[in-house]
Structure formats: structure tokens, C-alpha cells
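The values are calculated or read from the model by the stated rules, or taken from the named source; none is laboratory data. Since the model is a prediction, treat every value here as computed from it, not as a measurement. Glycine gets a Cβ as well: all are built from the backbone with ideal geometry, and neighbour counts include every protein chain shown.
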Amino acid sequence: MDAIPTETAGERCECGYLLRGVQAERCPECGRNVSSLGEIPIASYCERRLELRRDFTLYTDKIMVRNKRLSGTGYWIPIHLDSLSPNTTTIWTRSKLLNTSSLFLLLGIPLFYVGHEYPKLVSSDTIFVAGFALSLIGLVLLIATIQVVEFVRFHAKDRPEVVLLDVGRVGPQVAKFNDFIAAARAAIKARQCK
């Protein structure tokens, strides 16, 4: 009777899928890049914004970026350190959802006013409720997106005008931001010295 083979470390994806015999770089179950399984990360950082969640994992040869949008769609992408310059730039910006919150407020406040001030209109209750709801959504979005976020941008090594990666100082791991950026710069410099 043949012995049943046992699993070795690194044979399962993070989603739990058994990768034994899989030749592809991506997990067939979740799509995660599994070419770096078994490697120990140098550093990691989680960026959390209302509209986007990104996880950065730094390895000796790449940064794996996992994006997940508010809609639920997402993907994994490797950014190879050989393609990055250790010189970075910094920008400060607000969320693109700030414009959406302003639009909700601009539509909601007049509807709220009309529904409140002209009760004899046939549908004044509906107008009032719609205006109130739009205004409330706009206000909540405004509060959630008004924060200015710092982004460190990593440029292409051979084309400094091209940004290949940006990392925002926002979310639950803000304290790890500087350490992750320093580790990424050091790893990029180490790759270029080889």
C-alpha cells in the first residue's frame, strides 16, 4: 500500500487552495500571485481608504500589491524592484469621492429646502425625504473623504516622469508607513548594487 503524501509548508495559498501540481503563477481559486509563497517578506503595510484598500508586501525582488475596491473587485500585482528608482516624490491629495459628496450636497440641499418650504406641492414629502437623504449621504461622504492624504510615489528607474507605485499614509497602520517606505528604498538600492 502506498503512503499518502503529506503537505509541505508553502503548498497552500492564503485562501486555503491546495497548490500541489499547479504550474501557474496565480492561484486558480482566488487569483493571488503564488510565485512568492515560501518567501519571508521584508516588510508589509496596509493602506485603507473609503474607496480602495491596498496591501503592500515587500520581498527581496518585488513589492506585491493587493488592491480591493469598494465595489468588491480586486487584483494582485507584482512591482519588480529592478524597475523602480529609490528616489521618490511626495504629493498630498484628497479622495476622488470628495467631488461625489459635493454633488450629493448640491442636489440634496435645494430639494430639502423646496420640500420643506413648499408643503402644498403634490410630492413635497417625497422631495423633502429625497433632499434630506441626499444631503445626509453627501455630509457623511464629505466627512469621510475631506482628509488630505500624503502619497509617496516611486518612479520608473529609466523614466523618472512615470509613476509605477504610490503608497498613501492612511489607514490602521499609519505608524508603519515610514518604516515600509524606508525598507522599500533600501531594497531597491540593494537590488541596483547587484
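Hey, among the residues in segment 78-98 that are part of a helix (DSSP H, G or I) and modelled with pLDDT of 85 or more, which one's nearest to the chain's Cα centre (by Cα)? If we take residues in segment 78-98 being part of a helix (DSSP H, G or I) and modelled with pLDDT of 85 or more, then Leu81 is nearest to the chain's Cα centre (by Cα). Here Gly131 passes the criteria (1) out of contact with any strand residue (DSSP E or B) (no Cβ under 6 Å at 6 or more places or on another chain); (2) outside the structural domain of Ile79 (by TED's automatic domain parsing); (3) under 24 Å from Thr60 (Cβ atoms) except the one numbered (3). Beta carbons closer than 6 Å, at least 6 apart along the sequence or on distinct chains, pair a first residue in segment 61-85 that is within 20 Å of Cys15 (Cα to Cα) with a second that is hydrophobic (A, V, I, L, M, F, W, C) and surrounded by 14 or more Cβ atoms within 10 Å (Cβ to Cβ) for Ile63/Phe56; Ile63/Ile79; Val65/Phe56; Arg66/Trp76; Arg69/Leu52; Ile77/Val65; Pro78/Met64. What about Val148, is it surrounded by 19 or more Cβ atoms within 10 Å (Cβ to Cβ), among the hydrophobic types (A, V, I, L, M, F, W, C) and either within 30 Å of Met64 (Cα to Cα) or more than 37 Å from the chain's Cα centre (by Cα) (or both)? No, not satisfied.
Restricted to segment 34-51, and to residues there that are touching a strand residue (DSSP E or B) at 6+ places or on another chain (Cβ under 6 Å) and either part of a strand (DSSP E or B) or free of Cβ contacts under 8 Å to residues at least 12 places away in the same chain (or both), the residue that is surrounded by the fewest Cβ atoms within 10 Å (Cβ to Cβ) is Ser44.
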